[in-house]
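The values are calculated or read from the model by the stated rules, or taken from the named source; none is laboratory data. This structure is a prediction, so every number in the text was calculated from the model and none was measured. Positions of Cβ are generated from backbone atoms using ideal geometry, with glycine treated the same way; all protein chains shown enter the neighbour counts.
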Amino acid sequence: MRYQCHCYKPLDLSGFAPRAAEKRIPPPDKVKTISEAANFVSREPKRQTSPRETTRLEARRYRTGRNVQLNIKATADAVERFYRIADSNRWVLGETFERAVAALDRDLTSGDTRQRAPIQGKG
């Protein structure tokens, strides 16, 4: 047996309907004016130029058949000298590296017993 209180009548909700959504988006210039007046701090990042961006190297993309990558750590001075050599001779970086390795190989296998100059920065 089901017990139900007779004091509750079924609700007639047929007269209710959802309201149409109002699009009340203010124009961007008005939002900017109001936010500036309220000292709102923008969350947009400010474009800052770092020292690295100002000295960014130009992209070097060449199709040379070289397909093995070598990642090394070097001093900023050595990297700058390497790029300067490549740029002044108009060589791609792979060619500059190959020439440097060939020169080092010639130097080491020449049988020269003289004392070699120390590497800059290593004393």
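Looking across Arg56, Arg19, one residue alone is out of contact with any strand residue (DSSP E or B) (no Cβ under 7 Å at 6 or more places or on another chain), modelled with pLDDT under 80 and not in a helix (DSSP H, G or I). It is Arg56.
Remark: pairs (first residue in region 70-86, more than 13 Å from Phe97 (Cβ to Cβ); second residue modelled with pLDDT under 95 and exposed (fewer than 13 other Cβ atoms within 10 Å of the Cβ); Cβ separation under 7 Å; 6+ apart in sequence or on different chains) = Thr75/Gly121; Asp77/Gln120; Asp77/Gly121. Of all residues in region 27-48, those satisfying the criterion of being loosely packed, with under 10 Cβ neighbours inside 10 Å and part of a loop (DSSP other than H, G, I, E, B) are Pro27, Ala38, Asn39, Val41, Ser42, Arg43, Glu44, Pro45, Lys46, Arg47, Gln48. Every condition in (1) more than 34 Å from the chain's Cα centre (by Cα); (2) surrounded by 10 or more Cβ atoms within 10 Å (Cβ to Cβ); (3) modelled with pLDDT under 80 holds for Tyr62 except the one numbered (1).
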